[in-house]
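The values are calculated or read from the model by the stated rules, or taken from the named source; none is laboratory data. In this text the structure is predicted, and so the values were computed from the model without any measurement. Neighbour counts run over all protein chains shown; Cβ positions are idealised from the backbone, glycine included. The accessibility values were calculated without ligands, DNA or RNA, using every heavy atom of the protein model including side chains. Shrake-Rupley method; radii C 1.70, N 1.55, O 1.52, S 1.80 Å.
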Amino acid sequence: MHIIDEPARPLVRRLEPEVLAAHRLPDGRCARLRALHPGETDTIQAVFDQMSGQSRFLRFHSPTPRLTRGALRALAAVEPGRHLAVVAEVQDHPVAVARWVRLAGEPGAAELAADVADRYQGAGLGRALAAQLALSAGRAGIRHFRCSVHPENRTTQAFLSRLGARRDPHEPDDLLLPVGVFTTQTGLAVVPRPRRGA
């Protein structure tokens, strides 16, 4: 997982219907946050192609020069209540994607992971995406995220710890994070869904 430790910035509210929220970048541009569509493998690949070898290593816990077709299909297999992913786009180009996947055999838990293009790391996108995901996870009955963090990824470890994550005594590389911390600490502003007929 690669969540960036940066404060959330004010979000734009007047957006296209499919956009969930937006995040203002340090250079003044806005990144639009929208749901990943089922089977949208090209978006997954586009973000992966913008990550360095080191970023891929920290995300997947091993050298990952490419994503197989099977991996791409699995990452794009979103399903309501089980697997949700949110994409961040800058000028209609995907630059980050984050997801939660419900864990079988662990009621009320989901794995949280995020990929951010190297150019946009440090811009708060990981935090904004995770906060948006927390809203849907809470509605789906998810109480905490399980975050598998590579031991060398100290930035993410520190970020999650400051949010209140605790280490799983049975899985040393895993941090458990209550879903509610994102809605109370990030200051995420959510774009309300338009009413029908409005």
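Tabulated data
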read-out: Qualifying positions in the stretch 143-159 - open to solvent by less than 10 Å² (accessible area, probe 1.4 Å), of a type outside the set (Phe, Trp, Tyr) and within 13 Å of the chain's Cα centre (by Cα); value: 147, 156
read-out: Residue in the stretch 170-198 that is modelled with the highest pLDDT, counting only those that are hydroxyl-bearing (Ser, Thr, Tyr) and either exposed (fewer than 15 other Cβ atoms within 10 Å of the Cβ) or over 23 Å from residue 102 (Cβ atoms) (or both); value: 183
read-out: Failed criterion for residue 95 (all others in (1) under 24 Å from residue 26 (Cα atoms); (2) in a strand (DSSP E or B); (3) open to solvent by 10 Å² or more (accessible area, probe 1.4 Å) hold); value: (3)
read-out: Qualifying position, being outside any strand (DSSP E or B), basic (Lys, Arg), open to solvent by 50 Å² or more (accessible area, probe 1.4 Å) and modelled with pLDDT of 90 or more, among 167, 119; value: 119
read-out: In the stretch 122-142, the residues that are open to solvent by 10 Å² or more (accessible area, probe 1.4 Å) and part of a helix (DSSP H, G or I); value: 127, 132, 135, 136, 138, 139
read-out: Answer residue from the stretch 68-91, given it is under 18 Å from the mean Cα position of the chain (by Cα) and in a loop (DSSP other than H, G, I, E, B) and is surrounded by the fewest Cβ atoms within 10 Å (Cβ to Cβ) among those; value: 80
read-out: Test: residue in the stretch 29-45 that is within 19 Å of residue 127 (Cα to Cα), at pLDDT below 95 and among the β-branched types (Val, Ile, Thr); value: no
read-out: Which listed residue is at pLDDT below 95 and open to solvent by 40 Å² or more (accessible area, probe 1.4 Å), from 25, 15; value: 15
read-out: Filter result for the condition that a residue is free of Cβ contacts under 8 Å to residues at least 12 places away in the same chain and among the charged types (D, E, K, R), over 56, 73, 82; value: 56
read-out: Enumeration of residues in the stretch 138-149 that are out of contact with any Asp or Glu (no Cβ under 9 Å at 6 or more places or on another chain) and either among the polar types (S, T, N, Q) or within 12 Å of residue 181 (Cβ to Cβ) (or both); value: 138, 143, 144
